[in-house]
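Notes follow once the structure below has been shown.
Coordinate-derived values only; no laboratory data. Keep in mind that this is a model prediction, so the values were computed, not measured. For neighbour counting, all protein chains shown are included, and Cβ atoms are generated from backbone atoms with ideal geometry for every residue, glycine included.
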Amino acid sequence: MADTGWFKSSYSSNDSDNCVEVRITAGDEWLKSSYSGGGNDHCVEVRLGRGVVGVRDSKDRGGPALWVGAAGWSSFVGRIKAGNFDTAR
């Protein structure tokens, strides 16, 4: 799968650094948002696997990761895009 860039919720303002983003890419690397800055270790990282998506805390790269099935992850991202987790409601 080719790199298609980072995706952020449309409910996030352009200047907001408090967002979770995802990126679809080829390979098995852990990815973090381009909004995170070079040395920022206060991020959520994601990794695509075969039928699963891994999520971990960048402050503890050797620590546990949460692995979610691809269908569950797609549902989660869809609900974010739909604003289901928007606290401003």
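Quick notes
- For region 52-69, taking the residues that are touching a Lys or Arg at 6+ places or on another chain (Cβ under 9 Å) and either among the aliphatic types (A, V, I, L, M) or at positive phi (or both), the one that is surrounded by the most Cβ atoms within 10 Å (Cβ to Cβ) is identified as Val53.
- Enumeration of residues in region 58-89 that are within 16 Å of Leu31 (Cα to Cα) and more than 11 Å from the chain's Cα centre (by Cα): Ser58, Lys59, Asp60, Arg61, Gly62, Gly63, Pro64, Ala65, Leu66, Trp67, Val68
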